[in-house]
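One structure is given here, and the rest of the page talks about it.
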Amino acid sequence: MSGTLAKPQLRGFLAKRLKFHLIGATLCSLTGGLLFKIFYVDRRRRIHREFNA
């Protein structure tokens, strides 16, 4: 029942995890920036345009 455990694969592990997390962080920041522009900046521009018209 008790056998030897396989050694963990650590070579390149940090680079692989960093790549994964950098891609995720980039996607989250781009999504957040786009949503901010759509729902905040564009709305305020429209309100200012209507007020000044």
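The values are calculated or read from the model by the stated rules, or taken from the named source; none is laboratory data. Treat the numbers as computed from the prediction; the structure is a model and nothing was measured. Heads up, the Cβs are rebuilt from the backbone with ideal geometry, glycines too, and the neighbour counts pull from every protein chain shown.
For segment 21-42, the count of residues that are among the small types (G, A, S) and exposed (fewer than 10 other Cβ atoms within 10 Å of the Cβ) is zero. Name the residues in segment 1-20 that are more than 13 Å from the chain's Cα centre (by Cα), surrounded by 10 or more Cβ atoms within 10 Å (Cβ to Cβ) and either of a type in the set (F, W, Y) or outside any helix (DSSP H, G or I) (or both), would you? If the condition is that a residue be more than 13 Å from the chain's Cα centre (by Cα), surrounded by 10 or more Cβ atoms within 10 Å (Cβ to Cβ) and either of a type in the set (F, W, Y) or outside any helix (DSSP H, G or I) (or both), then F13 is the only one that fits. Selection over segment 1-46 of residues that are modelled with pLDDT under 95 and of a type in the set (A, V, I, L, M) gives a count of 6.
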